[in-house]
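The values are calculated or read from the model by the stated rules, or taken from the named source; none is laboratory data. On a predicted model such as this, the values are computed, not experimentally measured, just so you know. When we count neighbours, we look across all protein chains shown, and the Cβ atoms used for this are built from the backbone with ideal geometry, even at glycine.
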Amino acid sequence: MERPAAIRLEAVEKRFGASTAVAGIDLTIGEGEFFSLLGPSGCGKTTLLRMMAGFENPSSGRIAIGGADMTGVPPYERPVNMMFQSYALFPHMSVADNVAFGLKQDGVPRPEIARRVAEALDLVRMGDFGRRRPHQLSGGQRQRVALARCLVKRPKVLLLDEPLSALDKKLREQTQFELVNIQEKVGITFVMVTHDQEEAMTMSSRIAVMDHGRILQVGRPHEVYEYPANRFVADFIGTANFFPGTVLGDGGGFAADGLAGPLTVSGDLPPGPATVMVRPEKLVMGREAPAGAVNVLSGTVAEIAYLGDVSIYHVRLASGALVLATAANLRHSAEPGLTWDDRVFLSWHPANAVVLR
């Protein structure tokens, strides 16, 4: 069932002089979604978020929030709140006063402020820290206070600009799940900007991948990962092997540049230039070629990266090309199963490859 629209963007553009930061974007974000704008630095994602918040005005196009046109509506009158990358807490105020600030500005009665502040702090597990100042908190605790300050005003949409970038890796991974759980509890639409692919994949109900001011693909995390729309998306989301070449057509497979024999691909594909993409985890690797396997390549191990749960192998083919394969470290051993210069065979099922035009 399709969700009602929380945000609708129609042909939204933003130009700074001769430079176009956002180029003609059409996008609908549903109520209650955890939606991520994902892309490299300078792709326009933060500019797009700031236009939703009202801190930037579109050069052309229309933004509607909750069905209402936001053209000319200042930030403080929009049904949104924004959590900044720096958290922007007032250092001279207590945690409780930081959270209450927006409600006081709106003239909410004191008993109502006290109740809502307590609820918001309890929601982010900071109920016992109301009297502390920001400098007395860890980075993760300041992040929670900033989130409580946004949620206490009960916006229709919460905008998050790289909300976890200031946290260390372990705390960031822990906080990802907490944010998702909080979003599910409050039911507010979250729109997050991030350049971290794993963060977007872990937290989002849908992802929009951006580059050079344009949205290249919108979909659920597994859709974007397994079926990327083009090479940029495939390369930006996760890791991928690319085999440029030609679709032969008529069930003739795929002639990859630099490989001796054709590859087998799935689907009835028209002939012409294309690239086959295969994710490293889809490859089967061993010292011998599996019986009856298709898409078999052979090479030698050039590099190994041990990551604990998995190892990443760089296999150099006879053509000189490098192919990446990952293998789960299922055996409890201090000795690697394969080592440098070992000859190995790689294979994959045709259904595990994507043909990119």
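Quick grid of which residues meet (1) of a type in the set (S, T, N, Q); (2) farther than 30 Å from Ile29 by Cα; (3) under 12 Å from the mean Cα position of the chain (by Cα):
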position: Val191; (1), (2), (3): no, no, yes
position: Gln197; (1), (2), (3): yes, no, yes
position: Thr202; (1), (2), (3): yes, no, yes
position: Met210; (1), (2), (3): no, no, yes
position: Gly213; (1), (2), (3): no, no, no
position: Arg220; (1), (2), (3): no, no, yes
position: Glu223; (1), (2), (3): no, no, no
position: Ala256; (1), (2), (3): no, yes, no
position: Ala274; (1), (2), (3): no, yes, no
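Among the conditions (1) touching a Phe, Trp or Tyr at 6+ places or on another chain (Cβ under 7 Å); (2) without any contact (Cβ under 8 Å) to a residue 24 or more places away in the chain; (3) not aliphatic (A, V, I, L, M), the only one that Gly238 does not satisfy is (2).
Scanning segment 196-244 for residues that are crowded, with 22+ Cβ neighbours inside 10 Å, assigned to a strand (DSSP E or B) and of a type in the set (Gly, Ala, Ser) yields a single hit, Ala208. Pairs are defined by a Cβ separation below 9 Å, a sequence spacing of at least 6 or placement on different chains, a first member in segment 50-62 that is free of Cβ contacts under 8 Å to residues at least 12 places away in the same chain, and a second member that is among the acidic types (Asp, Glu) and surrounded by fewer than 14 Cβ atoms within 10 Å (Cβ to Cβ); no pair meets this definition. Here Leu324 fits the description: assigned to a strand (DSSP E or B) and either under 18 Å from Glu226 (Cβ atoms) or of a type in the set (Asp, Glu) (or both). Based on what the data block shows, is Glu56 touching a strand residue (DSSP E or B) at 6+ places or on another chain (Cβ under 7 Å), farther than 17 Å from His212 by Cβ, of a type in the set (Asp, Glu) and not in a helix (DSSP H, G or I)? For Glu56, the condition - touching a strand residue (DSSP E or B) at 6+ places or on another chain (Cβ under 7 Å), farther than 17 Å from His212 by Cβ, of a type in the set (Asp, Glu) and not in a helix (DSSP H, G or I) - is met. What are the pairs with Cβ atoms under 8 angstrom where one residue, in segment 212-235, is farther than 17 Å from Thr194 by Cβ and the other, located anywhere, is assigned to a helix (DSSP H, G or I) and hydrophobic (A, V, I, L, M, F, W, C)? Sequence gap at least six, or different chains. If the second residue must be assigned to a helix (DSSP H, G or I) and hydrophobic (A, V, I, L, M, F, W, C), the pairs left are Pro228/Ala234. Step by step: first the residues of segment 1-56, then only those that are within 21 Å of Val73 (Cα to Cα) and among the hydroxyl-bearing types (Ser, Thr, Tyr), then the one that is surrounded by the fewest Cβ atoms within 10 Å (Cβ to Cβ). Which residue is that? The qualifying residue surrounded by the fewest Cβ atoms within 10 Å (Cβ to Cβ) is Thr28.
Being surrounded by 13 or more Cβ atoms within 10 Å (Cβ to Cβ) and out of contact with any helix residue (DSSP H, G or I) (no Cβ under 7 Å at 6 or more places or on another chain): is that true of Pro74 here? Taking the combined requirement at face value, the residue does not satisfy it.
Here Thr189 does not fit the description of being farther than 26 Å from Met51 by Cβ and of a type outside the set (Phe, Trp, Tyr). Taken together, the residues in segment 98-132 that are charged (D, E, K, R), surrounded by fewer than 15 Cβ atoms within 10 Å (Cβ to Cβ) and outside any helix (DSSP H, G or I) amount to 3. Scanning segment 305-357 for residues that are closer than 20 Å to Leu263 by Cα, among the hydroxyl-bearing types (Ser, Thr, Tyr) and surrounded by fewer than 17 Cβ atoms within 10 Å (Cβ to Cβ) returns a single hit, Ser319. Any residue that is part of a strand (DSSP E or B) and over 30 Å from Arg133 (Cβ atoms) - is there at least one of those in segment 70-90? No: segment 70-90 contains no residue that is part of a strand (DSSP E or B) and over 30 Å from Arg133 (Cβ atoms). Within segment 89-98, none of the residues are closer than 16 Å to Thr28 by Cα and in the same structural domain as Arg214 (by TED's automatic domain parsing). Summed over segment 4-29, the residues that are part of a strand (DSSP E or B) and either within 14 Å of Leu159 (Cα to Cα) or aliphatic (A, V, I, L, M) (or both) give a count of 12.
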